[in-house]
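First up is the structure itself, then whatever we jot down about it.
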Amino acid sequence: MFLADHPPPHFHAVYQEHDAKINIDTLEIIEGYLPRRQLSLVRRWAQLHQNELRANWTLVEQREKLHNIRPWE
């Protein structure tokens with residue numbers, strides 16, 4: 001996520017030369033592309049951290065510092 005990002009609530013996922021914006025609520029790609037396997041991993045990670053992603057989106061709207069979210073292990 002980036003400060004001053006715009007609705008709908010989303011986060012950015014990057015894999016090699018691919019970049020996608022993922023809707024936090026639906027976990028669907030809003031814009032961009034990720035290969036199928038990587039998209040599946042991103043969606044599983046996002047499901048585990050969906051509440052944290054929503055909380056960070058609230059911080060984006062308030063233009064406050066975001067909390068770190070644990071990466072996939």
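Just so you know, all these numbers are worked out from the coordinates, no wet-lab data involved. Small disclaimer: the values here were computed from a predicted structure and weren't measured. Because the Cβ atoms are built from the backbone with ideal geometry, glycine has one as well, and the counts that use them run over all protein chains shown.
Remark: pairs (first residue in the range 1-23, surrounded by 15 or more Cβ atoms within 10 Å (Cβ to Cβ); second residue basic (Lys, Arg); Cβ separation under 7 Å; 6+ apart in sequence or on different chains) = Pro9/Arg54; His10/Lys21. Within the range 4-23, track down each residue that is part of a loop (DSSP other than H, G, I, E, B), farther than 20 Å from Asn51 by Cβ and of a type outside the set (Asp, Glu). The answer is Ala4, His6, Gln16. Within the range 24-59, if we keep just the residues that are under 19 Å from Glu73 (Cα atoms) and among the polar types (S, T, N, Q), the residue that is surrounded by the most Cβ atoms within 10 Å (Cβ to Cβ) turns out to be Gln38. Filtered by the rule that a residue be part of a helix (DSSP H, G or I), hydrophobic (A, V, I, L, M, F, W, C) and either touching a Leu at 6+ places or on another chain (Cβ under 8 Å) or without any contact (Cβ under 8 Å) to a residue 12 or more places away in the chain (or both), the range 24-50 gives Val42, Ala46, Leu48.
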